[in-house]
């Protein structure tokens with residue numbers, strides 16, 4: 001041992017650098033600690049402190065597993081349906097209530113006559129007279145026309161839609177376009193114009209033909225347009241009538257046998273199977289139920305409508321009949337005032353108001369419907385009879401769906 005080493009060992013003051021306890025441990029763990037600190041900083045930047053949101057109601061909660069199952073069951077056709085395509089639509093709310101393969105292109109059969117009817121109504125030549133030709137008499141479902149007789153366009157329209165007359169379809173097509181082929185071109189042009197991307201017509205009557213297809217969704221587009229014509233609604237809602245000295249009987253057996261049935265059209269061919277567009281007045285609200293490619297269309301439609309009515313209902317938006325905290329207020333002197341609601345605005349920016357509004361709601365949505373009162377006190381703090389008091393706000397989850405003005409009685 002050298003003298004220097006001995007002196008360092010014997011004299012601590014001149015010994016080498018002394019190890020600091022824990023330094024080596026920290027150094028060895030430094031990369032891991034640095035990573036942890038970076039993750040904490042990232043999380044703090046991403047979420048930060050809570051933000052104050054200006055809203056009267058809490059955000060809508062996520063649906064529970066049970067509610068999600070209920071939604072799925074409600075939107076799908078019930079078991080036992082033979083139709084390959086199903087679509088149920090509420091006209092007033094614009095809401096699709098049930099759907100199955102609604103974009104599937106299938107043979108439309110006599111539902112193709114709906115496009116024939118639309119073009120005839122849009123041309124508005126109902127009083128013109130048509131001389132029936134032999135080529136018009138193509139058989140199967142007919143109006144019972146004879147070559148050489150003369151009928152008005154409107155009479156042929158009744159024969160087209162009630163007994164689903166193929167002869168009436170051919171006569172109308174030839175009269176309105178000069179030739180049947182030219183009329184079919186007009187049908188396809190109108191279909192493209194309406195965005196009916198699943199549709200192609202080959203004839204005006206619906207006979208099976210290669211390439212002739214349509215879908216439930218495209219046919220719903222036609223029905224919605226046709227429903228704007230009062231004459232169309234009258235015709236398809238008639239089960240039996242007499243036109244041009246002929247007894248006409250509707251092919252739609254729901255008319256007169258199903259409560260609220262008010263149209264629309266059937267279709268049947270070997271290739272397409274049975275199809276039906278059923279119009280139903282459901283307590284003043286118009287429903288359309290479409291089934292295509294069915295082996296029993298009336299059974300299918302009844303099951304579909306039963307399921308829809310079990311899952312959806314119209315709920316009125318109006319002040320409760322019994323006294324609540326919504327319809328009373330107190331002034332600074334302790335006097336109690338009763339409030340009345342004066343109409344309801346669907347669009348808060350619109351001036352048009354109705355006594356009350358109904359909203360189509362599914363069973364799982366009813367718990368989300370809430371009403372809030374927003375008072376507008378007068379500057380003086382004194383209420384008087386007839387004075388505007390504020391508004392009621394009807395909310396469905398996060399959405400404001402209607403407002404109602406409040407007045408002091």
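Per-residue counts of other Cβ atoms within 10 Å, averaged by peptide: what ranking do you get for 77-85, 177-185, highest first?
Details: 77-85: 17.7, 177-185: 15.6.
The densest-packed peptide leads the list: 77-85, 177-185.
Backbone N atoms of region 185-221 closer than 11 Å to the 7 Å Cα→Cβ label point of residue 270 belong to residues 208. Peptides 163-175, 90-102 ranked from most to least packed by the mean count of surrounding Cβ atoms within 10 Å: 163-175, 90-102.
I'd like the Kirkwood hydrodynamic radius of region 72-312, using the inverse of the mean 1/r over distinct C-alpha pairs, in Å. That comes to 17.8 Å for region 72-312.
Read the figures in this text as sums done on the coordinates, not as results from a lab. Fair warning: this is a prediction, and the values are worked out from it, not measured in the lab. Positions of Cβ are generated from backbone atoms using ideal geometry, with glycine treated the same way; all protein chains shown enter the neighbour counts.
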